[in-house]
Amino acid sequence: MVQMENHDSSSTTATTTSSSFSSFKTYFHALSDTPHRLARRACSVSTSFQETSRVRAMSGTDMKRTLRWYDLVGFGVGGMVGAGVFVTTGTASRRYAGPSVVLSYAIAGLCALLSAFCYTEFAVDMPVAGGAFSYIRVTFGEFLAFLTGANLIIDYVLSNAAVARSFTTYFVTAIGVSTKLRITVHFLPKGFNEIDILAVALVLILTLVICYSTRESSLLNMVLTVLHIMFILFVILMGFWRGEWKNFSEPGNPKHPGGFFPFGASGVFNGAAMVYLSYIGYDAVSTMAEEVRNPVRDIPVGVSGSVILVTVLYCLMAASMSLLLPYDMIDPEAPFSGAFRGGSDGWKWVSNVIGVGASFGILTSLLVAMLGQARYMCVIGRSRVVPAWFAKVHPRTSTPVNASAFLGIFTAAIALFTDLNILLNLVSIGTLFVFYMVANAVIYRRYVSVGTTNPWPTLSFLFCFSLTSIIFTVMWQFAPPGKPKAFILGACTAIAVGVLQSFHHTVPEARKPEFWGVPLMPWIPSISIFLNIFLLGSLDRPSYVRFGFFSALAVLVYLLYSVHASFDAEEDGKLGHNSGENAKESIETEDHKLEV
């Protein structure tokens with residue numbers, strides 16, 4: 001009898017707490033209970049088994065498994081090789097690396113491959129559409145996952161709006177007209193007064209495509225990517241045909257430094273920090289994991305293969321550009337088309353061809369990014385930290401229509417009036433932060449099994465290694481050249497290697513990936529941690545101010561809405577509180593892997 005009364009009491013409590021937003025009274029009551037709910041939910045982790053079963057079922061209909069490894073390679077190449085490479089190559093060569101920008105692209109490609117390995121291990125073990133959000137949720141808990149996911153969504157929306165507006169610029173170049181195809185509204189503030197109807201139309205059309213079918217989106221991406229690569233190969237061949245090998249070592253102005261390394265080794269690495277942004281996009285491939293037929297085979301080939309292919313293309317493009325002109329004569333804003341415009345009139349048509357190729361690149365990168373952002377939002381909706389409406393998968397199309405439509409309209413609204421330069425200053429830092437978090441997460445997940453191992457040695461290592469990397473980066477960026485700087489950089493390197501080696505020999509791995517794992521653990525993810533911190537150090541101060549603003553906004557949303565919504569979902573039995581369940585995760589993971 002007492003047991004029944006207790007059961008009824010708990011049911012009443014669940015009913016009361018599961019409606020935090022039903023009225024102002026219940027909401028204010030929920031706010032007063034925020035410290036308790038925060039303590040319960042913020043560090044609550046999910047498991048691989050739950051992410052691929054109970055959490056995934058919250059979308060209703062499953063996404064269709066229609067993608068193969070070549071679809072993933074196409075998505076990866078299409079997502080990375082946008083129009084930005086036509087600009088970043090010139091800027092990196094002119095201001096930072098000179099002809100050695102070829103090595104800058106090779107180093108940046110290696111960095112991207114190391115990060116891609118971290119994504120791949122998670123995606124194979126846990127083939128869901130959540131990407132970095134899901135990976136961090138199963139390691140560091142709900143709050144850090146939400147903070148990461150919020151910054152990632154903001155970066156996706158703003159960068160997609162910027163890319164859509166740049167399409168108008170390259171489209172004008174391709175068709176050879178001088179008008180801007182934008183409407184100026186004089187009573188709006190500068191930077192927000194040029195209305196871009198073409199960018200809005202492009203975003204809305206692609207939104208309809210990704211809502212209709214992932215398979216058809218893949219076919220469209222494959223066609224556009226092949227066309228884009230053909231234009232890139234054309235540019236490479238033209239550069240090697242018309243270029244001169246002396247431009248690899250001789251500047252146009254004899255007063256400027258010459259040689260293959262005119263700015264020294266530091267110039268190569270600073271150039272790598274800049275061109276690394278051209279590789280952003282491969283992470284969107286991991287969000288397709290839920291729609292891949294054979295995740296164990298297709299995901300490693302698709303992610304790593306696309307990064308390697310893009311690295312080769314980028315290095316050849318950089319070499320082609322360096323052959324066309326001496327580094328000090330390259331136009332940073334339009335390096336390839338500028339090189340041909342500066343020649344005889346008979347070659348000016350090549351700049352129009354480059355405009356066409358860049359337009360195809362914009363279409364593919366925008367399509368892949370919009371696919372990725374919708375899947376991130378869908379899985380964030382499954383965790384109930386945003387409204388569950390975003391998690392719904394349409395039963396006929398098997399795509400996250402709600403998330404796709406909402407983010408598409410939001411992106412189109414921003415692309416309508418916001419200037420390209422304002423948007424570009426808002427992106428990149430959030431994506432690098434996410435890459436840093438995923439590299440930390442893969443180490444933590446390998447060396448910590450909650451309930452059976454002590455997490456503090458791993459957390460202490462991650463903290464010490466990150467701190468040493470930050471000190472190295474600050475000294476590299478701000479210390480004046482000389483022996484003291486070299487000594488401190490050398491000391492930081494020795495300490496980082498010592499800490500890494502000590503951790504490697506004293507802390508055993510708690511789990512071994514059955515299908516695919518990052519090789520040379522923990523060296524590769526540790527190098528990825530350092531490189532992402534180093535690249536974050538190359539960004540300007542306003543980027544950090546904006547990152548802090550958006551992060552603070554995300555924290556506010558979490559405190560006012562997300563923590564209460566997820567608490568309600570836990571009380572309703574839709575989410576678990578896994579402080580005790582994690583001891584069972586190894587058993588659940590085995591069951592999950594048998595299912596895979």
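Here are the numbers for the structure shown:
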{"read-out": "5 angstrom amide H check on T399, placed H, neighbours 5+ away", "value": "H394"}
{"read-out": "Apportionment of accessible area to carbon and sulfur, the stretch 361-489, percent (1.4 Å)", "value": "75 percent"}
{"read-out": "Rotationally averaged projected area of the stretch 75-123 (alpha carbon convex hull; nm²)", "value": "3.8 nm²"}
{"read-out": "Only Lys, Arg (+1) and Asp, Glu (-1) charged, at Cβ; the stretch 457-575 dipole about Cα centre in debye", "value": "700 debye"}
{"read-out": "Solvent-accessible heavy-atom area per residue, rounded to whole Å², over the stretch 422-518 at 1.4 Å", "value": "49 Å²"}
{"read-out": "Three-way shape label, the stretch 255-323, alpha-carbon gyration tensor, a/c 1.5", "value": "prolate"}
{"read-out": "Distance in nm between pseudo-label sites at F28 and A494 (7 Å out along the Cβ direction from Cα)", "value": "6.4 nm"}
{"read-out": "Where the Cα pairs of the chain fall when distances are cut into 10 Å bins, in %", "value": "3, 16, 26, 26, 17, 8, 2, 1, 0, 0"}
{"read-out": "Cα-based shape type of the stretch 460-549, given that a ≥ b ≥ c are square roots of the gyration tensor eigenvalues and the cut on a/c is 1.5", "value": "oblate"}
{"read-out": "Where the stretch 20-67 is the region considered: accessible area per residue in Å², 1.4 Å probe", "value": "51 Å²"}
{"read-out": "FRET efficiency, 1/(1 + (r/R0)^6) with R0 56 Å, evaluated for I195 and F260 via beta carbons", "value": "0.75"}
{"read-out": "The chain: calculated mean residue ellipticity at 222 nm from DSSP helix runs of at least 4, using -39500 (n - 2.57)", "value": "-22000 deg cm²/dmol"}
{"read-out": "Accessible area in square angstrom per residue, the stretch 193-303, 1.4 angstrom probe", "value": "43 Å²"}
{"read-out": "Exposure rank, largest accessible area first [W389, W456; 1.4 Å]", "value": "W456, W389"}
{"read-out": "Linear extension gain, R396 paired with E514, 0.36 nm per residue minus alpha-carbon span", "value": "39.0 nm"}
{"read-out": "Simple spin-label estimate for V312 and K485 in nanometres, 7 Å along Cα-Cβ", "value": "3.8 nm"}
{"read-out": "Estimated FRET transfer efficiency (H36, V301; beta-carbon r; R0 60 Å; 0.05)", "value": "0.80"}
{"read-out": "Helix runs (DSSP H) in the chain reaching 27 Å along axis by Cα, Kyte-Doolittle at least 0.5", "value": "101-125, 142-175, 214-242, 295-324, 349-382, 429-447, 456-478, 483-506"}
{"read-out": "Positive dipole terminus of the chain, leading residue within F472, F146, T431 (C-beta point charges)", "value": "F472"}
{"read-out": "Inter-probe distance in nm under a simple model that places probes 7 Å from Cα toward Cβ, at V223 and I205", "value": "1.2 nm"}
{"read-out": "For the stretch 268-407, the fraction of alpha-carbon pairs in successive 10 Å shells from zero, as %", "value": "10, 28, 28, 19, 13, 3, 0"}
{"read-out": "Residue (of V518, M80, I380) at the positive-pole extreme of the chain, dipole from beta-carbon charges", "value": "M80"}
{"read-out": "Solvent-accessible area of E194 with every protein chain in place, 1.4 Å probe, in Å² to the nearest 10", "value": "40 Å²"}
{"read-out": "Of F567, F336, L462, farthest towards positive along the dipole that unit charges on Lys, Arg, Asp, Glu beta carbons give the chain", "value": "F336"}
{"read-out": "Estimated dipole of the chain in Debye, rounded to 20 [Cβ of Lys and Arg +1, of Asp and Glu -1, Cα centre]", "value": "940 debye"}
{"read-out": "Set of the stretch 249-280 residues, backbone N closer than 16 Å to the point 7 Å along the Cα-Cβ line of D328", "value": "249-264"}
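The values are calculated or read from the model by the stated rules, or taken from the named source; none is laboratory data. All figures in this text were calculated on a predicted structure; none of them were measured in a lab. Ideal geometry is used to build each Cβ from the backbone, glycine not excepted, and the neighbour counts take in all protein chains shown. The protein model used for the area step is the full one, side chains on, heavy atoms only, and it has no ligands, DNA or RNA in it. Shrake-Rupley method; radii C 1.70, N 1.55, O 1.52, S 1.80 Å.
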